[in-house]
Amino acid sequence: GFSDFAGSGIVHMAGAAAALAGVMLLGARTGKYGADGSVNAIPGSSLPLATLGTFVLWLGWFGFNGGSVLATASVESANAVAVVFMNTNAAASGGLIAALLVAKMMFGKADLTMALNGALAGLVAITAEPSTPTPLLATLFGAAGGVLVVFSIVALDKMKIDDPVGAISVHGTVGLLGLLLVPLTNDGASFSGQIIGALTIFVWVFVASYIVWSI
């Protein structure tokens, strides 16, 4: 009952589990949290480079998801790749716009970093199953990821988990969302199977990473 087409769980959530272990061992950056519990923003050095990096990832995701079809030798497989391309792009767009709007409502101004993370969140959300949703559903799935990532980043900051680029939220929180969305369009997957698979991935990678890095 577990299905993960291109790796929302086995790639992205696994990476986030390892990242969380690393963050817990390293602790927060100096000056990130005040003695009174306040959260101090530490801006990145170059937003243009961050934006370029996001666009590079967005482009690479077509190969990441499309390549997971594993064939282009027939009309059917080529059409399947085209559907994956379309849904991948739709989800990224939905995630970017949704994160931008949510950040605007929450912070009173548009936030580029949240928009970039929203695009990546949309991509992560659709990675578990980009072949079966309609374009509209793919856009909505991506938008759900974009909304979730903003709240996740804010929540982790309140918990004093210092994640400089939002990697745990983008790949972990939204990776789990992607897995849970699969049964909505893929009859071969079940919610119980997705949950068990997600727990297996997270627990194994987190514990193994924590032990190895502690040594």
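The values are calculated or read from the model by the stated rules, or taken from the named source; none is laboratory data. Just so you know, these numbers come straight off a predicted model, no measurement behind them. Cβ atoms come from the backbone with ideal geometry, glycine included; neighbour counts cover every protein chain shown. Ligands, DNA and RNA are excluded from the accessible area calculation, which covers all protein heavy atoms including side chains. Shrake-Rupley method; radii C 1.70, N 1.55, O 1.52, S 1.80 Å.
The table for this structure:
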quantity	calculated
Yes/no for V182 being touching a residue at least 24 places away in the same chain (Cβ under 8 Å), open to solvent by less than 10 Å² (accessible area, probe 1.4 Å) and not aromatic (F, W, Y)	yes
Residue among G1, G37 that alone is in contact with a helix residue (DSSP H, G or I) (Cβ under 7 Å, 6 or more places away or on another chain) and not in a helix (DSSP H, G or I)	G1
Residue among G175, G142 that alone is under 18 Å from M86 (Cα atoms) and either open to solvent by less than 60 Å² (accessible area, probe 1.4 Å) or at pLDDT 95 or above (or both)	G142
Residues that are open to solvent by less than 20 Å² (accessible area, probe 1.4 Å) and either under 21 Å from G66 (Cβ atoms) or not in a helix (DSSP H, G or I) (or both), drawn from the stretch 98-119	A119
Near pairs, Cβ below 6 angstrom, 6+ apart or cross-chain, from the stretch 191-209 (among the hydroxyl-bearing types (S, T, Y)) to any residue that is open to solvent by less than 70 Å² (accessible area, probe 1.4 Å)	S209/A18; S209/A21
Selection count, the stretch 4-34, where residues are outside any loop (DSSP other than H, G, I, E, B) and either touching a strand residue (DSSP E or B) at 6+ places or on another chain (Cβ under 9 Å) or hydrophobic (A, V, I, L, M, F, W, C) (or both)	15
Close pairs from the stretch 43-71: first in a loop (DSSP other than H, G, I, E, B), partner loosely packed, with under 15 Cβ neighbours inside 10 Å and not acidic (D, E), Cβ under 7 Å, at least 6 apart	A71/S77
Residues satisfying the stated conditions in the stretch 185-215, i.e. surrounded by 15 or more Cβ atoms within 10 Å (Cβ to Cβ) and in a helix (DSSP H, G or I)	G193, Q194, I195, G197, A198, I201, F202, V205, F206, S209, Y210
